[in-house]
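Any read-out appearing in this document is the output of simple, stated calculations on the displayed coordinates, not a laboratory observation. Everything numeric in this text was worked out from a predicted model, so none of it was measured. Every residue, glycine as well, gets a Cβ built from its backbone with ideal geometry; the counts of neighbours run over all protein chains shown.
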């Protein structure tokens, strides 16, 4: 349910999978999504995000992914990104590896000194 008064931040995530090249096939897929809200990491002053996406439709199929990001990675200015490295689900008898960093949450929301 969408509760704007309790909403935590999210991140945009966009990327491409590693190229699959076996049995004469050679292709990859692109993806773009928005993460789930920030989820605390128990026992740490940190958080992660759920990540779900469906790739583009290439070579007659698409792939899905459902997992989570790393904890926050500081990029300065009070901002952070997250990292994910995993495999998509299987489709057309194969899967793709990917690694991606999220975009910065609220990228233009910087404090002016």
Report, to two decimal places, the Cα Rg of the chain normalised by 2.2 N^0.38 Å (N = number of residues).
1.23
Using a Gaussian network for the chain with springs between C-alpha atoms less than 10 Å apart, which of these wobbles most: 90, 12, 25?
25
To the nearest 0.05, the calculated FRET efficiency linking residue 92 and residue 34 through their beta-carbon distance, R0 being 22 Å, is 0.25
How many nm separate the modelled label positions at residue 59 and residue 14, each set 7 Å beyond the Cα in the direction of the Cβ?
2.3 nm
